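To start, the structure under review is shown below, and the notes come after it.
The values are calculated or read from the model by the stated rules, or taken from the named source; none is laboratory data. What you see is a predicted model; the values in this text were computed from it and never measured. Here Cβ is always computed from backbone atoms with ideal geometry, including for glycine, and neighbour counts include all displayed protein chains. The protein model used for the area step is the full one, side chains on, heavy atoms only, and it has no ligands, DNA or RNA in it. Shrake-Rupley method; radii C 1.70, N 1.55, O 1.52, S 1.80 Å.
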Amino acid sequence: MLKVATLASGSSGNCAVVSDGRVHILIDAGISTRRIAQGLKGLGLELRHLAGVLITHEHIDHVAALPVLCKQTGAPLYTAEGTALELCGRWDGLVERFRVFEPGQRFDAGGLEVGTFATSHDCACPCGFFVTDGERKLALCTDTGFATPQAREGVEGAHTLIGEFNYDPDMLRKGPYPLHLQARIRGKRGHLSNQMGGELAAWAARQGAGRVILAHLSAENNRPGLALEAARQALGGLGLGEDDVELVVAPRSEATGWFQV
């Protein structure tokens, strides 16, 4: 049975793992290899068990572990070609590890089917992923300024969505960030607000999702309660409550247990 856990989720680092009990795939590696190993240990896994690492984009909070991780595991790295080029220019010794794709392509990773879709972020070639064992489907869509048509298509039919709820607009406006950074976050190549994340969650629920994991919350510009309220309101607009769709906030710095997809 397909299952997922987050090891960290936020502006200081992002990492998740999806597994069918036999094949174990990391999604992003934005925390230290030591923390990844600790998080996996709590789930009954070790670094050597990883069949691959999916990389959404090259920002450091999604790739920080790669140089050390690649020395401690032989897992291939799956990412868009533009992202791979950026990372090979940053760190030596990675080029042989990459298996590149164009967003929209699907591929097999150790026996699990992985689908990719284009997102909109200020980097080389950002993407999101879905993973399926043929029966259940997990989708991850974070770090995007809006829900692209490709993202909606990728999320469609997911039983569990890991979706971005990055910022509360009022907190961002009144907070410490300078105006140019606020504009970047709000922009079409920035991040999803709580309300925009709620809209994507509602879209997923309309297509049958039974769980939404609220991810990538900003420490400075958001609060879990605000994100949850936005998600509840969006679902309420469809006449759905938490008896219909489970809502979970992914911790910024701690690993969760397994969630069955």
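Test of understanding: in a Gaussian network model of the chain with alpha carbons linked when under 10 Å, which of CYS127, CYS15, CYS70 would top the mean-square fluctuation ranking? Looking only at CYS127, CYS15, CYS70, the largest GNM fluctuation is found for CYS70. Only lysines eight or more places from LYS188 in sequence, or on another chain, were considered; those with a Cα closer than 29 Å are LYS137, LYS174.
Computed over protein heavy atoms with a 1.4 Å probe, the carbon and sulfur contribution to the accessible area of the chain reaches 49%. At most 11 other Cβ atoms within 10 Å and a DSSP loop assignment: could you name the GluC sites (Glu not before Pro) in the stretch 110-173 that fit? Filter output for the stretch 110-173: GLU135. The string of couplings for the stretch 112-126 from the Karplus curve (6.51, -1.76, 1.60, θ = phi - 60°) is 9, 7, 10, x, 10, 8, 6, 10, 10, 8, 7, 7, 5, 7, x Hz, one whole number per residue in order, with x for Gly and Pro. Shape analysis of the stretch 155-245 places it in the prolate category; the axes a ≥ b ≥ c from the Cα gyration tensor give an a/c of at least 1.5, with a/b above b/c. Taking the DSSP beta bridges with both ends in the chain, the antiparallel portion is around 50 percent. The overall shape of the stretch 13-98, judged from the alpha-carbon gyration tensor, is prolate: a/c is not under 1.5, and a/b is greater than b/c. In summary, the lysines within cross-link reach of LYS71, defined as a Cα separation below 22 angstrom excluding same-chain residues under 8 places away, comprise LYS41. Per residue, the stretch 188-255 exposes 43 Å² of solvent-accessible protein surface, assessed with a 1.4 angstrom probe and all protein chains in place.
Only the Cβ atoms of Lys and Arg (+1) and of Asp and Glu (-1) were treated as charged; on that basis the dipole of the stretch 24-113 about its Cα centre amounts to roughly 440 debye. Loop-resident GluC sites (Glu not before Pro) (DSSP state other than H, G, I, E or B) in the stretch 228-261 with no more than 15 further Cβ atoms inside 10 Å of their Cβ: GLU242, GLU254.
Spin-label model, LYS174/GLU102: points 7 Å from Cα along the beta carbon direction are separated by 4.7 nm.
Taking the solvent-accessible surface of protein heavy atoms with a 1.4 Å probe, what is the per residue accessible area of the stretch 1-147 in Å²?
Ligands and nucleic acids excluded, the figure is 38 Å² per residue.
Taking square-rooted eigenvalues a ≥ b ≥ c of the alpha carbon gyration tensor, is the stretch 1-152 rounded, prolate or oblate, where a/c under 1.5 means rounded and, failing that, a/b exceeding b/c means prolate?
Working: a/c = 1.38, a/b = 1.07, b/c = 1.29.
Rounded, because the longest to shortest axis ratio a/c is under 1.5.
Looking at the stretch 172-261, the trypsin sites (Lys or Arg not before Pro) that sit in a DSSP loop and have at most 16 other Cβ atoms within 10 Å of their own Cβ are LYS188, ARG189. Averaging the sequence gap over all C-alpha pairs within less than 8 Å and six or more residues apart, then dividing by the number of residues, gives the stretch 39-169 a relative contact order of 18 percent. Note on LYS3: aspartates and glutamates with a C-alpha under 17 Å away, same-chain residues under 8 apart excluded, are ASP20, ASP28, GLU46, GLU113, ASP133, GLU135, GLU246.
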